[in-house]
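To start, the structure under review is shown below, and the notes come after it.
The values are calculated or read from the model by the stated rules, or taken from the named source; none is laboratory data. The structure displayed is predicted, hence computed values, not measured ones. As a convention, Cβ positions derive from the backbone with ideal geometry for all residues, glycine included, and neighbour counts pool all protein chains shown.
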Amino acid sequence: MKAAVFREYNKNPEQVVKIEDVDTPKLRPNEVMIKVESAAYNYNDLWAIWGEPVKTPLPHISGSDVAGTVVELGEDVTKFKVGDRVVSHSNMSCRVCDKCTDGREFDCDNRLIWGFQTGPLWGGFNQYTHLPEVNVAKLPDNVSFNDAAAVSMVGMTSWHMLVGRAKIRPGQTVLIMGGTSGVGMVGIQIAKLYNCTVIATAGNKDKMDKCLEIGADQVVNHREADWYKKVREITKKVGVDVVFEHIGKAVFAQEVGLLKNGGTLVATGATTGYDSTIDLRFLFFKGTNLLGSTQGTKAELEEVIYWTSKGKIKPVIHTILPFDDMVKGHTMMANAEQMGKIVTTPQKP
């Protein structure tokens, strides 16, 4: 089968990611084989290629989001049949530790992100892939493969951030940072699903307009030095209830300062850097909640797929790349050129 493989780390994906012929994987008893119809890109695909912040197994196939059709079953599989339309759940946990059995598979000490930390040669950017039965969810007929791949990880991550961790409630004011990122676009829609007032941020006018198009009530440019002052003006100096954060060092201190008393910042990722500082007075005098969040549960993924099937969450796809040119997606993502998700189609038309 064809797969997108890299065999060394490099800051330039186009120098190392190549389409190669590799062996079709052999199933374990608890796994399903999936014919990959669509695979979506995430920032962890870049981290894998760069070898930073963690070293991934080499040779490596990236890709944590796939949608496709079940073509083969391991002998112990009971919940799926050949022909089922499915989407991947990329959070791989042990399922037996105290955290997993407490419903916190995202906190499992042995957790791995499929397609990022797994391997060698075990990810989604190939024509066929295999996953444990517990890491696969069924896909309604009215959700396309491209939409499912585009929304799966970012949707689950955003749902876990806002619903699972921040516990958003109707009527709250939610600040969605980086509103045209994959998680940001879904975050806007989830907050509106909960009848919140949404202020989004983006880095240029086109991206700001896109935020408004998908549901944000107001938007500011986070590349402007006084962006946080504009947010405060919008809220009439009251502040926001929840900050949806994934940008990191460049904006973190200002975000904390925008929270109301008892407000919550929930963070996943830090694309501008990790070594941030905050004024600790905001933490204790204002009763601030600072929450970390990563991935989510299979149940949260299924919530996102459900609302996608009802048209309440609409995946935003920037471009669909043919598999032979799929490495272009890595470059686009590194340069922040996209508004929405990039997907590739490993199967030939």
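A few notes on this one:
- Residue-level check: of (1) in a helix (DSSP H, G or I); (2) closer than 25 Å to ASP65 by Cα, THR294 misses just (1).
- Test for PHE106: is it within 21 Å of GLY340 (Cα to Cα) and aromatic (Phe, Trp, Tyr): no
- Of all residues making up region 287-302, the number that are surrounded by fewer than 20 Cβ atoms within 10 Å (Cβ to Cβ) and either free of Cβ contacts under 8 Å to residues at least 12 places away in the same chain or of a type outside the set (Val, Ile, Thr) (or both): 8
- Subset of region 104-134 [out of contact with any helix residue (DSSP H, G or I) (no Cβ under 7 Å at 6 or more places or on another chain), in a strand (DSSP E or B) and either touching a residue at least 24 places away in the same chain (Cβ under 8 Å) or under 18 Å from VAL36 (Cα atoms) (or both)]: ASN126, TYR128, THR129, HIS130, LEU131, PRO132
- Subset of region 267-278 (residues that are surrounded by fewer than 11 Cβ atoms within 10 Å (Cβ to Cβ) and either within 19 Å of VAL242 (Cα to Cα) or touching a helix residue (DSSP H, G or I) at 6+ places or on another chain (Cβ under 9 Å) (or both)): THR277
- Counting the residues of region 202-233 that are touching a residue at least 40 places away in the same chain (Cβ under 8 Å) and in a strand (DSSP E or B) gives 1.
- Matching residues, region 191-201, being within 15 Å of GLY155 (Cα to Cα) and either in a strand (DSSP E or B) or out of contact with any strand residue (DSSP E or B) (no Cβ under 9 Å at 6 or more places or on another chain) (or both): LEU193
- Hey, THR101 free of Cβ contacts under 8 Å to residues at least 24 places away in the same chain and hydroxyl-bearing (Ser, Thr, Tyr) or not: yes
- Within region 311-328, no residue that is assigned to a loop (DSSP other than H, G, I, E, B) sits with its Cβ atom under 6 Å from a residue that is surrounded by fewer than 16 Cβ atoms within 10 Å (Cβ to Cβ) at 6+ positions apart or across chains.
Residue-wise test of (1) touching a strand residue (DSSP E or B) at 6+ places or on another chain (Cβ under 8 Å); (2) of a type in the set (S, T, N, Q).
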{"residue": "THR101", "(1), (2)": "no, yes"}
{"residue": "GLN127", "(1), (2)": "yes, yes"}
{"residue": "PHE145", "(1), (2)": "yes, no"}
{"residue": "VAL154", "(1), (2)": "yes, no"}
{"residue": "GLY164", "(1), (2)": "no, no"}
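- Residues of region 77-133 that are among the small types (Gly, Ala, Ser) and either out of contact with any Asp or Glu (no Cβ under 8 Å at 6 or more places or on another chain) or under 22 Å from ALA3 (Cβ atoms) (or both): GLY83, SER88, SER90, GLY103, GLY115, GLY119, GLY123, GLY124.
- Lone qualifier among VAL219, VAL256 - being of a type outside the set (Lys, Arg), closer than 30 Å to GLU52 by Cα and crowded, with 19+ Cβ neighbours inside 10 Å: VAL256
- Of all residues making up region 44-61, the number that are assigned to a loop (DSSP other than H, G, I, E, B) and crowded, with 18+ Cβ neighbours inside 10 Å: 2
- Selection of region 234-245 for residues being out of contact with any helix residue (DSSP H, G or I) (no Cβ under 6 Å at 6 or more places or on another chain) and either polar (S, T, N, Q) or not in a strand (DSSP E or B) (or both) yields ILE234, THR235, LYS236, LYS237, VAL238.
- For region 24-44, the set of residues classified as more than 13 Å from LEU131 (Cβ to Cβ) and modelled with pLDDT under 95 consists of THR24, LYS26, ASN42, TYR43, ASN44, listed by residue number.
- Scanning region 160-173 for residues that are touching a helix residue (DSSP H, G or I) at 6+ places or on another chain (Cβ under 6 Å), closer than 25 Å to TRP114 by Cα, buried (at least 24 other Cβ atoms within 10 Å of the Cβ) and of a type outside the set (Phe, Trp, Tyr) turns up at least one hit.
- Output for region 328-344, where each listed residue is surrounded by fewer than 19 Cβ atoms within 10 Å (Cβ to Cβ) and modelled with pLDDT of 85 or more: LYS328, THR331, MET332, ALA334, ASN335
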